[in-house]
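The values are calculated or read from the model by the stated rules, or taken from the named source; none is laboratory data. Owing to the predicted nature of the structure, the values given are computational and were not obtained by experimental measurement. Don't worry about glycine lacking a Cβ; one is built from the backbone with ideal geometry, like all the others, and counts go over all protein chains shown.
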Amino acid sequence: MKANLKGIISIATVVVIVAACNGGKKLNETETQTSNAKATNIDSIYKDVQRTTFQYFWDGAEPNSGLARERFHVDGVYPENDKHIVTTGGGGFGVMAILVGIERGFITRQQGFERMQRIVNFLEKADRFRGAWSHWINGETGKVKPFGRKDNGGDLVESSFMLQGLLAVRQYFKDGNEGEKALAAQIDKLWREVDFNWYRNGKNVLYWHWSPEYAWEMNFAVTGFNECLIMYVLAASSPTHAVGAEVYHEGWAQNGKINHTTTKYGHTLTLSHNGAQEYGGPLFWSHYSFVGLDPRGLKDKYADYWEHNKNHTLINHDWCVENPNKFKGYGPQSWGLTASYSVNGYAAHMPGKQNDLGVISPTAALSSMPYTPGYSMQAMKYWYENLKDKVYGPYGFYDAFSETDNWYPQRYLAIDQGPAVVMMENHRTGLLWKLFMSCPEVQQGLKKLGFESPTIK
């Protein structure tokens, strides 16, 4: 798979933005030349941001496993000396980012294949629990690194993010040479070994965690709407341990209680956002499941997921532009609230007086590129040209910053860098959407759950 990846969509978008700023009037020759120059500039920025962010998963990867580190701190200061800890969910986004790297020419296909081999070989030998990996894994040994005292076993949500990425990799290499076909077969075996039915705990809902030591004591039944939709799609799609449609409708959709209508700034959400119904939750809820699951035209009886995700993003953007908390720097040039590092630890930033802490997370706008390309590029360009010395480093934009608190940590998180690379590519070419949606079992699973999509045959 090789395509012409010149970023035509991004250039066209910028020309439209310039015209819109001109009151919608037709541009004269001088204005057209100016808009073309601006388009070329934004395309150059786009390429550089995507390339450097990709490097988090290449040069910045944990060397033994080849997987994404949970975090990378340029300042060299790590909690509990965890520089060797890799993350299952972030690693899943990372394998998708490696496919982007191949297609963009950042690395060769052979280099990407060899890294994938290392990753898959590691995942085969790493601790698994009824086929599911833990949230954190020691990249040197493959052993569980507990995410919490009782969270020391299988994490079905993080494993689903990994599987979403691995299935895209399988589709990418399945028709290649003998080595590539063997890699695709290895991935297929890992996918088939995940026992989604076990994670029902005998009920019509999926549970996030299971531990051989603490069993179901975490007691986290996953209901929507949040970042976990992909887990239910994969559970319905499994060729070996599939769950029935009733698990989706009674568990995730709570027998229809998932529907709740709210309108802010003229944008309507039709899904209930857990604990964040007024403005919608942090933006990663519209990113993590949709790095592979194509939201364009994706509908079921609960939502039109393209319209939902776009409106979720627009509400987030408009809140930052209105800026009711009067934080420094907020506006159309700097917006985006999601889960990230925060001034005091880690927080799920989102609209709302109590939940907006004055912290901008660049991944929020970058990973929303398909939904709000004009607004996302406006923020990316502003940060790159005006704040670059403070917010940009060897692996792209740092995880978060606050102009209000004069806080600019030189730190990264895999779970935030990955969706930025992948969704920027989905905006341009739909690469990861095409790969994941080409999985025949995923198409069957979506049909089982009552989804419709232009990509379902």
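Structure notes:
- Taken over the stretch 253-304, the criterion of being assigned to a loop (DSSP other than H, G, I, E, B) and of a type in the set (A, V, I, L, M, F, W, C) is satisfied by A253, I258, A276, V291, L293, L298, A303.
- Enumeration of residues in the stretch 263-284 that are within 27 Å of Q417 (Cβ to Cβ) and either aromatic (F, W, Y) or surrounded by fewer than 17 Cβ atoms within 10 Å (Cβ to Cβ) (or both): N274, G275, Y279, F284
- When each of H287, H249 is tested for being surrounded by 24 or more Cβ atoms within 10 Å (Cβ to Cβ) and either within 21 Å of the chain's Cα centre (by Cα) or farther than 30 Å from R428 by Cβ (or both), the lone residue that passes is H287.
- Residue under evaluation P324, criteria (1) on the phi < 0 side of the Ramachandran plot; (2) in contact with a Ser or Thr (Cβ under 8 Å, 6 or more places away or on another chain), criterion not met: (2)
- Any hit, the stretch 123-137, residues being closer than 18 Å to L67 by Cβ, without any contact (Cβ under 8 Å) to a residue 40 or more places away in the chain and part of a helix (DSSP H, G or I): yes
Every residue, every condition in (1) without any contact (Cβ under 8 Å) to a residue 40 or more places away in the chain; (2) farther than 24 Å from V169 by Cβ, yes or no:
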| position | (1), (2) |
| --- | --- |
| R192 | no, no |
| N197 | no, yes |
| V205 | no, yes |
| E227 | no, no |
| H260 | yes, yes |
| G280 | no, yes |
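- Extreme residue, nearest to the chain's Cα centre (by Cα), among residues of the stretch 395-410 that are charged (D, E, K, R) and surrounded by fewer than 24 Cβ atoms within 10 Å (Cβ to Cβ): E403
- Going through (1) crowded, with 24+ Cβ neighbours inside 10 Å; (2) closer than 24 Å to G292 by Cα one by one, G139 falls short only on (2).
- Cβ separations smaller than 8 Å between residues 6+ apart or across chains give the following pairs from the stretch 347-375 residues that are at negative phi to residues that are among the basic types (K, R) and in a helix (DSSP H, G or I): Y371/K310; T372/K310.
- Single match in V169, V157 (criterion: among the aliphatic types (A, V, I, L, M) and either assigned to a loop (DSSP other than H, G, I, E, B) or within 19 Å of A236 (Cβ to Cβ) (or both)): V157
- Qualifying residue in the stretch 182-200 (condition: within 23 Å of V422 (Cα to Cα), modelled with pLDDT of 95 or more and either touching a Phe, Trp or Tyr at 6+ places or on another chain (Cβ under 8 Å) or in a strand (DSSP E or B) (or both)): yes
- Residues considered: E103, E114, E80. Of these, the only one that is at pLDDT below 95, in a helix (DSSP H, G or I) and either out of contact with any helix residue (DSSP H, G or I) (no Cβ under 8 Å at 6 or more places or on another chain) or farther than 25 Å from W285 by Cα (or both) is E80.
- Filtered residue count, the stretch 183-226, keeping only those that are of a type in the set (S, T, Y) and in contact with an Asp or Glu (Cβ under 8 Å, 6 or more places away or on another chain): 1
- So T263, is it of a type in the set (S, T, Y) and closer than 27 Å to T338 by Cβ: yes
- Flag for S211 being in contact with a helix residue (DSSP H, G or I) (Cβ under 7 Å, 6 or more places away or on another chain) and of a type outside the set (V, I, T): no
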